[in-house]
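To start, the structure under review is shown below, and the notes come after it.
Where a number appears in this text, it was derived from the coordinates with a stated rule and is not lab data. This is a predicted model, so every value here is computed, not measured. Note: ideal-geometry Cβ built from the backbone for every residue, glycine included; neighbour counts use all protein chains shown.
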Amino acid sequence: MAINKNHEFEDLDGIKCAIVERNISSERVMFLKNLLTYNGYTVVVVPVINPAAKNTVVESALPNEKIVPELFTIGVTDVTFNVTNAIFGRALKTKDGKIVTLAYWQQKDKISHDDIPYFADNSCMN
């Protein structure tokens, strides 16, 4: 049971995990998995079984092929991990040694501008 909405955990593939994000695309999974693995976390990713998504069909680049969009849940095996604390506590680093900012985490910035205080950065407010 979660203490609050910002610190959820559950079993993913039989492993107790702190939930990082739910219902995310495969591109987002790759971004977060690379970032969290670099920071020393063991990452677990499971597909989301979404009955509403079965009715949603996306056109493929190949003719006459339809794709049902896949969504994923990503978690880490360290159940004390909390996204909010990790970002604002400046606990995560990028591969180039900079601190992960909220805008970088949200993939609004390609480069983490850790020299700008989060309260002065308006890019993550939109």
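How large is ³J(HN,Hα) for each residue in the stretch 29-39, as worked out from phi by the Karplus curve 6.51 cos²θ - 1.76 cosθ + 1.60 (θ = phi - 60°), to whole Hz, x for Gly and Pro?
4, 4, 4, 5, 4, 4, 5, 6, 5, 4, 8
Give me the number: length gained by fully extending residue 96 to residue 7, i.e. 0.36 nm times residue separation minus the C-alpha to C-alpha distance, one decimal in nm.
Stretched out fully, the residue 96 to residue 7 stretch lengthens by 29.2 nm.
What FRET efficiency comes out for the pair residue 16/residue 111, r = Cβ-Cβ distance, R0 = 25 Å, nearest 0.05?
Rounded to the nearest 0.05, the efficiency is 0.15.
Determine the alpha carbon to alpha carbon distance for each of 16/110; 33/110; 5/98; 16/108 and list only those over 23 Å.
Distance filter (> 23 Å) returns 16/110; 5/98; 16/108.
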